[in-house]
Amino acid sequence: MSEWWDTSPKAQLFYHLGLNCFQPLPKIVELCSSSDDEVQETDFIYLCDNLHSQCLDYKLENFHDVEFIPAESKDGFCLKKLEEVYSCTQWKSLGFHVVKDRYQSAPMYQLGVKQHPSMSKLLDLLEKTPPPHLMKRLPSIGLKFYLITWQVHLQSFSSFPCVDIIPGFSAPDLTKLSRLLMVLMGPSSALKLLPPTQCYLDQGAKPELYVKLFDSVNFGTKVNHFLGACGSKNKVSIEDIVEALTDNPERFFQLAGGYEGWVLQGSTRATPHLLDTSFLVEL
């Protein structure tokens, strides 16, 4: 039997009659979703190697329902749809599926694999999986790492400067975030979770009473900016002090050292709104 040559007259005749030079693209993608590991791997490598030559008609919208992307998660390996897997491996620690390590150099972006989850999926993760569970899957730097990953996401997801992350979120997103228990506070022996609206970003000198009554955080410029957009205040206001007093008067005056201690702290700081105790008359 003579060898087959693509340029031979016989081959040209068969091509003219309708013989395919290569596997049709839909068939290649179909084989990429095969349950046979060897077939799946061979065809996926073929697809990646020839995406810019023999597979130029590839359009992601034609294959968004096909599970053909080799993925991995904390639970193991599997095949996922384009919208269910991400190329940035850091999301694996948060429970998302990511592209298998051996395919990290493949043209995933051209195939339609996104680098990061969408904002809606991240918000769903925070709502459905509170930080106490997330913390078990994160490095020792914990929530700070978790928030910084959002910074990375936003910086690559949009063209906004790294310190201006707010445009990445809608107003409803920020409102939802403001109520979520997602800021980890306190020493390792007494950790607690607070919503951003109960945290303060004021890192300046403050009365001892403020330190006892209000929780201040400092995750750095980028994350602080993010928390500020979620409702964290820059400084304690007179309204906050009144609210703390009316919510739990006994605790308030105990921490202040009694009424006299409260007035003394105000005079020591020479802060007008601390010295004005007239509002106490009606309480």
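Data table
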{"read-out": "Qualifying residue in segment 112-135 (condition: in contact with a helix residue (DSSP H, G or I) (Cβ under 9 Å, 6 or more places away or on another chain), farther than 26 Å from VAL183 by Cα and small (Gly, Ala, Ser))", "value": "yes"}
{"read-out": "Members of segment 226-283 found to be in contact with a Phe, Trp or Tyr (Cβ under 6 Å, 6 or more places away or on another chain) and either modelled with pLDDT under 65 or open to solvent by 50 Å² or more (accessible area, probe 1.4 Å) (or both), listed by number", "value": "LYS233"}
{"read-out": "Residue within segment 40-50 that is loosely packed, with under 15 Cβ neighbours inside 10 Å, touching an Asp or Glu at 6+ places or on another chain (Cβ under 9 Å) and assigned to a helix (DSSP H, G or I) present", "value": "no"}
{"read-out": "Candidate set: segment 95-126, residues that are among the hydroxyl-bearing types (Ser, Thr, Tyr) and open to solvent by 30 Å² or more (accessible area, probe 1.4 Å); chosen: the one nearest to GLU61 (Cα to Cα)", "value": "TYR109"}
{"read-out": "Odd one out for LEU82, checked against (1) more than 21 Å from GLY95 (Cα to Cα); (2) buried (at least 17 other Cβ atoms within 10 Å of the Cβ); (3) modelled with pLDDT of 90 or more", "value": "(1)"}
{"read-out": "In segment 27-79, the residues that are closer than 23 Å to PHE96 by Cβ, in contact with a Ser or Thr (Cβ under 8 Å, 6 or more places away or on another chain) and either among the acidic types (Asp, Glu) or at pLDDT 95 or above (or both)", "value": "GLN40, VAL66, GLU67, PHE68, LEU79"}
{"read-out": "Residues within segment 51-79 that are on the phi < 0 side of the Ramachandran plot, open to solvent by less than 30 Å² (accessible area, probe 1.4 Å), of a type outside the set (A, V, I, L, M) and assigned to a strand (DSSP E or B), tallied", "value": "3"}
{"read-out": "Test: residue in segment 11-26 that is at pLDDT below 95 and on the phi > 0 side of the Ramachandran plot", "value": "yes"}
{"read-out": "Qualifying residue in segment 188-198 (condition: part of a helix (DSSP H, G or I), of a type in the set (A, V, I, L, M, F, W, C) and either surrounded by fewer than 18 Cβ atoms within 10 Å (Cβ to Cβ) or touching a residue at least 60 places away in the same chain (Cβ under 8 Å) (or both))", "value": "yes"}
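The values are calculated or read from the model by the stated rules, or taken from the named source; none is laboratory data. Here the structure is a predicted model, which means the values were calculated and not measured. Positions of Cβ are backbone-derived with ideal geometry, glycine not excepted, and every protein chain shown enters the neighbour counts. Each accessible area value is taken on the protein alone, full model and side chains, heavy atoms only, with ligands, DNA and RNA left out. Shrake-Rupley method; radii C 1.70, N 1.55, O 1.52, S 1.80 Å.
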